[in-house]
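J.: There's a structure below that I have some questions on.
The values are calculated or read from the model by the stated rules, or taken from the named source; none is laboratory data. Source: prediction; values computed, not measured. Glycine also receives a Cβ, built like all others from the backbone with ideal geometry; neighbour counts cover every protein chain displayed.
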Amino acid sequence: MASILYKNDMLARRLAMSVDSARSLSVNHWAEGRTGSISLNVSNLFTEEISEYRSISAEYNIGQTFENMKNNMVFITANHISMAEFVRTPMDCGSIVRILEGGDRYDFIADKPVKITSEFIIHLSAYNKFNKQQNPPSSVVHAYPMKIEFAMRKLNFEVDKFMEIVRDISPDQMWTFKKGLSVVEYGTDTYADDVSTALAERKLVIVPRHGIFSFGLDPIAAVDKIAAVNYFASFML
């Protein structure tokens with residue numbers, strides 16, 4: 001089967017941004033081993049009715065309903081792949097899923113079924129909230145820059161202290177954090193909703209011992225935000 005990227009230049013360009021973003025995560029060691037994930041809501045890049053695209057898989061239950069994601073298409077990376085692997089073979093290390101009409105199931109439409117990242121629910125939940133907004137972000141990136149982790153440990157994960165240092169170092173850079181940062185505890189019953197809610201409020205989300213979640217109009221913009229946090233964190237080590 002020909003790749004779904006064939007004759008869809010806009011989709012190919014957007015996925016190329018994901019590859020560039022993965023390359024940044026890899027070379028900067030912000031997704032060591034098999035950590036990190038990238039997703040893109042690519043629904044507006046399909047010229048035909050989304051429901052008309054041929055499924056290449058069974059239907060899978062999501063486990064909850066995302067009302068605002070019905071008939072959306074999301075490219076998302078596979079579970080436990082390295083960002084270097086994704087750079088080399090992106091369509092082997094990620095797939096495009098279609099959220100079906102009920103908002104509680106999905107199937108694959110390209111290029112092949114994969115085991116999706118374990119952060120799938122967070123990505124979907126964020127897009128579900130973004131879709132209620134004007135000019136919604138279309139990309140979510142999860143990474144694990146160690147400088148951010150250790151800097152925040154020194155500050156006992158107190159966001160106000162981090163922001164105070166950023167203001168002192170470079171007040172002109174505050175635009176990156178204009179909505180602030182949020183710290184969410186990993187593994188709680190409300191973990192996924194807490195992360196997606198903070199993202200929908202346009203905050204970057206730091207999860208102690210589990211990295212940082214960012215968002216943007218494209219994955220490069222999302223990684224740029226991570227780079228900014230990492231830059232300021234380096235002054236705190």
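J.: Return yes when ASP218 is of a type in the set (D, E, K, R) and in contact (Cβ under 8 Å) with a residue 12 or more places away in the chain and no when it is not.
T.: yes
J.: Can you find even one residue in the range 181-199 that is out of contact with any strand residue (DSSP E or B) (no Cβ under 6 Å at 6 or more places or on another chain) and more than 19 Å from SER118 (Cα to Cα)?
T.: no
J.: I've got another one for you. Being closer than 16 Å to ALA222 by Cα, out of contact with any Phe, Trp or Tyr (no Cβ under 7 Å at 6 or more places or on another chain) and surrounded by fewer than 17 Cβ atoms within 10 Å (Cβ to Cβ) is the requirement here; does ALA58 meet it?
T.: Against the criterion (closer than 16 Å to ALA222 by Cα, out of contact with any Phe, Trp or Tyr (no Cβ under 7 Å at 6 or more places or on another chain) and surrounded by fewer than 17 Cβ atoms within 10 Å (Cβ to Cβ)), ALA58 does not qualify.
J.: Another question, then. Given SER39, SER125, which one is within 27 Å of THR190 (Cβ to Cβ), among the hydroxyl-bearing types (Ser, Thr, Tyr) and touching a His at 6+ places or on another chain (Cβ under 9 Å)?
T.: SER39
J.: What's the total number of residues in the range 177-225 that are part of a helix (DSSP H, G or I) and among the acidic types (Asp, Glu)?
T.: The number of residues fulfilling the criteria is 3.
J.: Do any helices (runs of 4 or more DSSP H) entirely within the range 114-176 hold 2 or more residues that are free of Cβ contacts under 8 Å to residues at least 40 places away in the same chain and either surrounded by 19 or more Cβ atoms within 10 Å (Cβ to Cβ) or over 17 Å from the mean Cα position of the chain (by Cα) (or both), and if so, which?
T.: 159-169
J.: Could you go through the range 70-78 and let me know if any residue there is under 16 Å from VAL141 (Cβ atoms), outside any loop (DSSP other than H, G, I, E, B) and hydroxyl-bearing (Ser, Thr, Tyr).
T.: yes
J.: Sticking with this structure for a sec: Any residue that is buried (at least 16 other Cβ atoms within 10 Å of the Cβ), in contact (Cβ under 8 Å) with a residue 40 or more places away in the chain, in contact with a Leu (Cβ under 7 Å, 6 or more places away or on another chain) and among the β-branched types (Val, Ile, Thr) - is there at least one of those in the range 225-232?
T.: yes
J.: Could you list, in sequence order, the residues of the range 33-47 that are among the polar types (S, T, N, Q) and part of a strand (DSSP E or B)?
T.: Across the range 33-47, the qualifying residues are SER37, SER39, ASN41.
J.: Separate question: Could you please find all residues in the range 207-237 being aliphatic (A, V, I, L, M) and more than 21 Å from VAL27 (Cα to Cα)?
T.: Answer for the range 207-237, where residues must be aliphatic (A, V, I, L, M) and more than 21 Å from VAL27 (Cα to Cα): VAL207, LEU217, MET236.
J.: Residues in the range 58-69 that are among the aliphatic types (A, V, I, L, M) and within 21 Å of SER138 (Cβ to Cβ): how many?
T.: Within the range 58-69, residues that are among the aliphatic types (A, V, I, L, M) and within 21 Å of SER138 (Cβ to Cβ) number 2.
J.: Still on this structure: For the range 213-224, how many residues meet the condition of being surrounded by fewer than 23 Cβ atoms within 10 Å (Cβ to Cβ) and not charged (D, E, K, R)?
T.: Result for the range 213-224: 4.
J.: Among the numbered criteria (1) surrounded by fewer than 18 Cβ atoms within 10 Å (Cβ to Cβ); (2) within 23 Å of LYS132 (Cβ to Cβ); (3) among the acidic types (Asp, Glu), which one does GLU32 miss?
T.: With (1) surrounded by fewer than 18 Cβ atoms within 10 Å (Cβ to Cβ); (2) within 23 Å of LYS132 (Cβ to Cβ); (3) among the acidic types (Asp, Glu) applied to GLU32, the lone miss is (2).
J.: If you scan the range 90-112, which residues turn out to be touching a helix residue (DSSP H, G or I) at 6+ places or on another chain (Cβ under 6 Å) and closer than 18 Å to MET17 by Cβ?
T.: PRO90, CYS93, listed by residue number.
J.: Among the residues of the range 96-112, what is the count of those that are at pLDDT 95 or above and assigned to a loop (DSSP other than H, G, I, E, B)?
T.: Summing the residues that are at pLDDT 95 or above and assigned to a loop (DSSP other than H, G, I, E, B) in the range 96-112 gives 3.
J.: Need the failing condition index for SER26 against (1) under 20 Å from ILE212 (Cα atoms); (2) polar (S, T, N, Q); (3) assigned to a loop (DSSP other than H, G, I, E, B), just the number.
T.: That leaves (3) as the condition not met.
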